[in-house]
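J.: Quick one: this structure, given as structure tokens, is what I'll be asking you about.
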Amino acid sequence: MFVDKAHLFLLVLKHMYESGVKDAENLDRLLEKHGIRRGAEILELGCGIGRVAIPLAKKGYKVTCLDISDMYINEARSRARGEGVEEVLDAIVADAWRIDEIFPENRFDAVYMIWTTLIGYHKEKEKDLELLKKIQRITKPNGLLAILRTVNRDLVLARRICERGNIPVISEWEDILVIERPEFDGVNSLLRNKWEYYKRENRDLKFLGEHEFTLRIYSINELIDLAVEAGWRLEAAYHDLVEFKEYIPGRSGINIVLRKPA
């Protein structure tokens, strides 16, 4: 999805780029709410084309952003130059599961992942635990990890599977149309999905390609338990990132803030 078929998802990322400004504004307020000020050193894992990292850098943070796709990172670097933040934004092509080899211990004031990034893609709880431990190693004592806008097993069951079943979901971004074909394995908590990409040409749709992926999804308490096992401490769980309302069972995605003990 992010390497061999990276060009397909790039179509979505480009159309979503402007929405990153609002995400960055919300993240800026979230960081301030939890004691992280502008000027702090921040890491984004799974940054795509920098739609959140770049506007966050423009707010005064020192941002490092990482993605496994060289196509996305090249796009992020180009956009960073165009927006004048190349001096305070370092975009790196790397596998997130090797961050402990890339960055020194206790480097970052805060780390964040947004939009169902990284967690669950290896499908094994042990791999996610390994990642959470590695993130903690490179985060400063008393630093933060924010896992935001991440799919919640309870929400998938309540809204997607129980109400509608495994029916296709159609999303549109201007001239790009994506059809998702999900199948949920409730026994193993695996969401298998196929995305088909089309481009509107007048009244016709031109097929551009497709990719499939399988994602392990967690309930919020499962993910929190995993993070605690990795050494993190839960600080907050939110329903949204606008008003920071408290988590609402069955209605909220996963928006959790974790702190590394001092």
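J.: Could you list, in sequence order, the residues of the range 129-169 that are at pLDDT below 95 and either over 30 Å from His34 (Cβ atoms) or among the hydroxyl-bearing types (Ser, Thr, Tyr) (or both)?
T.: Answer for the range 129-169, where residues must be at pLDDT below 95 and either over 30 Å from His34 (Cβ atoms) or among the hydroxyl-bearing types (Ser, Thr, Tyr) (or both): Arg160, Ile161, Cys162, Glu163, Arg164, Gly165, Asn166, Ile167, Pro168, Val169.
J.: Further, regarding this structure: Do we find that Ile99 is free of Cβ contacts under 8 Å to residues at least 60 places away in the same chain, assigned by TED's automatic domain parsing to the domain that holds Val21 and closer than 30 Å to Ile220 by Cβ in this structure?
T.: In short, yes.
J.: So, one more: Exactly one condition in (1) modelled with pLDDT of 95 or more; (2) in a helix (DSSP H, G or I) is false for His15; which is it?
T.: Evaluating His15 over (1) modelled with pLDDT of 95 or more; (2) in a helix (DSSP H, G or I) leaves (1) as the failure.
J.: Restricting to the range 239-262, name every residue that is assigned to a strand (DSSP E or B) and touching a residue at least 60 places away in the same chain (Cβ under 8 Å).
T.: Answer for the range 239-262, where residues must be assigned to a strand (DSSP E or B) and touching a residue at least 60 places away in the same chain (Cβ under 8 Å): Ile254, Asn255, Ile256, Val257, Leu258, Arg259.
J.: Can you find, within the range 124-140, the residue that is surrounded by the fewest Cβ atoms within 10 Å (Cβ to Cβ) among those that are over 15 Å from Leu66 (Cβ atoms) and touching a residue at least 60 places away in the same chain (Cβ under 8 Å)?
T.: Selected residue: Glu124.
This table checks each residue for (1) of a type in the set (S, T, N, Q); (2) surrounded by 23 or more Cβ atoms within 10 Å (Cβ to Cβ); (3) farther than 21 Å from Ala227 by Cα.
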position: Met1; (1), (2), (3): no, no, yes
position: Leu11; (1), (2), (3): no, no, yes
position: Ser19; (1), (2), (3): yes, no, yes
position: Asp23; (1), (2), (3): no, no, yes
position: Asn26; (1), (2), (3): yes, no, yes
position: Ile54; (1), (2), (3): no, yes, yes
position: Val85; (1), (2), (3): no, no, yes
position: Met113; (1), (2), (3): no, no, no
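A quick yes/no check of all residues on (1) surrounded by 17 or more Cβ atoms within 10 Å (Cβ to Cβ); (2) over 19 Å from Leu43 (Cα atoms):
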position: Ala96; (1), (2): yes, no
position: His122; (1), (2): no, yes
position: Asn142; (1), (2): no, no
position: Pro168; (1), (2): no, yes
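J.: Out of all the residues in the range 78-130, which are outside any helix (DSSP H, G or I) and acidic (Asp, Glu)?
T.: Passing the criteria: Glu83, Glu86, Glu87, Asp90, Asp95, Glu105, Asp109, Glu124.
The values are calculated or read from the model by the stated rules, or taken from the named source; none is laboratory data. Source: prediction; values computed, not measured. Every residue, glycine among them, receives a Cβ derived from its backbone with ideal geometry; neighbour counts consider all protein chains shown.
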